[in-house]
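Single-structure report; data block below.
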Amino acid sequence: MTPGTPDFAFTFIEPGHALYAGELELRFRVLREPLGYTRADVAFPFEADSLHLVAHRAGTVLGCVLFNPEDAHGGRLFQMAVAAHLQGQGLGARLVRTLEAELVRRGFNHVHLHARAPAVPFYERLGYSVFGEPYTEVGIPHRNMHKTLGA
Ligand SMILES: CC(C)(COP(=O)(O)OP(=O)(O)OC[C@H]1O[C@@H](n2cnc3c(N)ncnc32)[C@H](O)[C@@H]1OP(=O)(O)O)[C@@H](O)C(=O)NCCC(=O)NCCS
């Protein structure tokens, strides 16, 4: 962090929270607009059942990551995004580590995700492993990855 620059706040929110519109806007800008999708394509069917972690500063959402619990032990990490001008500065890693700590606190021990091919090294740095064959999702190459928390 640059001296004098306020750090981010990390907050778990639900749809309806004052920061949720900012979260959706970030997800649209970072994850959907570059692929030619519209704002209507941002929300997932399990939006309300998921954990939403946002990194924010002065009311602006600058990073987010979501987790959909699939059973009592684990679920899927999805919609991982950092504002373009802040990528590569450690915020994505902080979001994943903050989410994982909360998941452990809640008794989850397994996380899986659909990684875009360019993001695979990012998740590998955080202890995730590729499994299965490559596939295409939202028109781009993906790999399945997973991690056992606390291992
Ligand atoms: C992928 C993304 C979430 C990563 O967040 P970030 O804040 O840019 O990443 P960080 O700065 O926290 O990187 C953490 C580590 O991963 C490494 N890393 C990040 N992206 C990488 C890449 N594409 N290739 C290789 N290493 C990468 C960093 O060098 C850093 O390594 P270090 O621990 O040795 O310092 C972010 O770049 C992003 O939003 N990208 C566009 C959307 C996207 O692809 N989301 C993922 C969908 S699956």
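No lab work stands behind these numbers, since they all come straight from the coordinates. Because the structure is predicted, anything quoted here is derived from the model rather than measured. Neighbour counts are summed over all protein chains in view; Cβ atoms, including those assigned to glycine, are modelled from backbone coordinates with ideal geometry.
Given Cβ point charges of +1 (Lys, Arg) and -1 (Asp, Glu) and nothing else, what value in debye, to the nearest 20, does the dipole of the range 9-148 about its Cα centre take? Present the calculation step by step, with values, prior to reporting the outcome.
Numbers: 14 positive and 14 negative charges, 93 e Å.
I would put it at about 440 debye.
Roughly how far apart, in whole Å, are the Cα centres of the range 128-151 and the range 62-86?
14 Å
Based only on other Cβ atoms within 10 Å, what is the fewest-to-most ordering of SER129, SER50? Walk me through the numbers on the way to the answer.
Working: SER129 12, SER50 18.
Final ranking by Cβ density, sparse to dense: SER129, SER50.
Please order ILE140, ILE13 by the number of other Cβ within 10 Å, starting at the fewest. Don't skip to the end; give the middle numbers.
Working: ILE140 11, ILE13 18.
Sorted ascending by nearby Cβ count, the order is ILE140, ILE13.
Write out the GluC sites (Glu not before Pro) in the range 30-107 meeting two conditions: DSSP loop, and at most 12 other Cβ atoms within 10 Å of their Cβ. List each step's numbers first, then the result.
Values: sites: GLU47, GLU70, GLU100, GLU102; in loops: GLU70.
Nothing satisfies the criteria.
Can you order the peptides 115-124, 31-40 by their average number of other Cβ atoms within 10 Å per residue, highest first? The partial results should precede the final answer.
Values: 115-124: 15.9, 31-40: 12.8.
Descending packing order for the listed peptides: 115-124, 31-40.
What residue among HIS110, HIS56, HIS73 has the largest mean-square fluctuation in a Gaussian network model of the chain, using Cα springs under 10 Å?
Comparing HIS110, HIS56, HIS73 in the GNM, the peak value goes to HIS73.
Can you compute the FRET efficiency between SER129 and ALA84 using 1/(1 + (r/R0)^6), with r the Cβ-Cβ distance and R0 = 22 Å? Round to the nearest 0.05.
Numbers: r = 28 Å, r/R0 = 1.25.
With R0 = 22 Å, the Cβ-Cβ based efficiency is 0.20.
Only Cα pairs within less than 10 Å get springs; with that Gaussian network setup on the chain, which residue of ARG57, ARG29, ARG105 has the largest fluctuation?
Fluctuation is largest for ARG105.
Answer with one residue from GLY74, PHE28, VAL61: the one whose Cα lies farthest towards the positive end of the charge dipole of the chain, charges on Cβ with Lys, Arg +1 and Asp, Glu -1.
It is VAL61.
What share of the DSSP beta bridges in the chain is antiparallel, in percent to the nearest 5?
On the way: 31 of 35 bridges.
Roughly 90 percent of the DSSP beta bridges within the chain come out antiparallel.
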